[in-house]
Amino acid sequence: MAAPLIEEWSGTDVTLGDVEAELARLRAVSTEEGRNPHQRTSVMTHVAWVPPKWLDAAERTLEGLAERHPSRTVILIPNPDESESRIDADLSVRCFAAADRAICGEVIELHLLGERAMAPASIVLPLAISDLPVFVRWRGQPEFGGVQWEQLVDVADRVVVDSSEWDELRYAELSETFGRTALSDIAWARIFDWRLALAGYWPGVREQEIHIRGPRAEASLLRGWLAAQLQRGVRPIEPAGELAVRLGGEELPSPRTVPRSPSDLLSAELDHFARDLVYEAAVAAAA
């Protein structure tokens with residue numbers, strides 16, 4: 001894959017008007033004479049709430065998405081403890097070759113200092129592309145009930161979390177969001193192969209004792225899924241580095257598949273729009 005053509009701009013203490021004006025200028029520069037004609041084919045506004053400690057990981061994931069999901073990406077980096085309230089911006093228009101044309105997307109990275117970190121909806125709404133869905137990727141532990149979480153849930157058509165990033169598995173509080181927006185959990189996506197494998201043991205699995213070991217989030221969601229589907233209790237999980245299941249007295253073979261990168265996992269979630277009622281039932285059972 002050819003490297004993208006990138007036009008960039010940075011500014012300190014900017015307004016949203018500055019951001020829009022500079023994006024328009026960068027798009028114009030990217031179509032100067034002698035370059036491939038470009039097509040701005042955004043299919044969504046992709047918002048990422050990224051506390052500073054998650055920024056490197058978030059940017060690596062974004063780079064891995066490349067042209068798979070052309071979008072306007074708005075990365076919000078909150079720094080609420082700063083004494084000065086302002087917005088600093090890093091903007092780029094990234095164009096990828098596609099036959100005789102170029103597909104372009106926009107990346108808006110905004111550092112929200114002081115009080116500007118407390119009202120993310122007032123920043124997202126003016127930058128969201130009209131009539132396209134808004135996806136929010138929340139990195140790290142959400143502050144359930146906090147103003148930032150509440151505002152972004154209200155503007156999102158889908159919120160993507162990864163409960164393996166959480167200090168505490170606060171699934172009961174997460175479940176309170178069901179019905180307000182669609183929810184995805186990348187930890188849930190990681191156990192797809194195990195869910196598929198266990199489905200092959202139906203209906204005999206209904207009567208057998210189940211032991212689950214593994215990372216906290218993935219093992220808890222697998223246990224919740226089994227409890228919800230079997231409509232019975234499943235014994236508590238055992239912490240371990242890798243997911244493993246014992247059915248009755250038999251250790252089940254691990255479904256050996258090619259590991260998916262963080263970019264692949266997020267890309268798959270960005271293809272879904274409807275609520276996942278099976279996931280919601282698993283979360284409720286895991287809470």
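The values are calculated or read from the model by the stated rules, or taken from the named source; none is laboratory data. Since we're looking at a predicted model, the values are computed, not measured. So basically every Cβ, Gly included, is an ideal-geometry build from the backbone, and we count neighbours across all protein chains shown. What goes into the accessible areas is simple: the full protein's heavy atoms, side chains included, and nothing from ligands, DNA or RNA. Shrake-Rupley method; radii C 1.70, N 1.55, O 1.52, S 1.80 Å.
One table, with the values for the structure above:
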{"read-out": "Residue-averaged 222 nm ellipticity for the chain, from DSSP H runs of 4+ at -39500 (n - 2.57), nearest 500", "value": "-9500 deg cm²/dmol"}
{"read-out": "Correct option for P(r) over Cα pairs in 10 Å bins from 0, in percent [calculated from the coordinates] among (i) 6, 26, 34, 25, 8, 1; (ii) 6, 27, 37, 23, 5, 0; (iii) 6, 26, 30, 20, 12, 5, 1", "value": "(iii)"}
{"read-out": "Within the stretch 148-287: Cβ-based charge dipole about Cα centre, in debye rounded to nearest 20 (Lys, Arg +1; Asp, Glu -1)", "value": "500 debye"}
{"read-out": "Stokes-Einstein translational diffusion, the stretch 111-183 - Kirkwood Rh over all Cα pairs, 0.692 mPa s, 37 °C, in µm²/s", "value": "252 µm²/s"}
{"read-out": "Degrees between helix 16-30 axis and first principal axis of the chain (Cα, 0 to 90, nearest 10)", "value": "80 degrees"}
{"read-out": "Choice from 161, 29, 50 with maximal GNM fluctuation in the chain (Cα, 10 Å cutoff)", "value": "29"}
{"read-out": "Over the stretch 163-287, relative contact order from alpha-carbon pairs under 8 Å, at least 6 apart, %", "value": "37 percent"}
{"read-out": "Acute angle (nearest 10 degrees) that the helix 55-65 long axis makes with the longest principal axis of the chain, alpha-carbon atoms", "value": "90 degrees"}
{"read-out": "Percent carbon-and-sulfur accessible area, the stretch 150-287, ignoring ligands, DNA and RNA, probe 1.4 Å", "value": "50 percent"}
{"read-out": "Total charge dipole magnitude, the chain, about the Cα centre, Cβ charges on Lys, Arg, Asp, Glu only, Debye to nearest 20", "value": "1080 debye"}
{"read-out": "Accessible area (Å², 1.4 Å probe, nearest 10) - residue 103", "value": "40 Å²"}
{"read-out": "Residues of the stretch 50-150: accessible area per residue with a 1.4 Å probe, Å²", "value": "41 Å²"}
{"read-out": "Selected from 174, 270, 247 as most flexible by GNM, with the chain as the system and alpha-carbon contacts under 10 Å", "value": "247"}
{"read-out": "Mean separation of Cα contacts under 8 Å, 6 or more apart, over the residue count of the chain: relative contact order %", "value": "17 percent"}
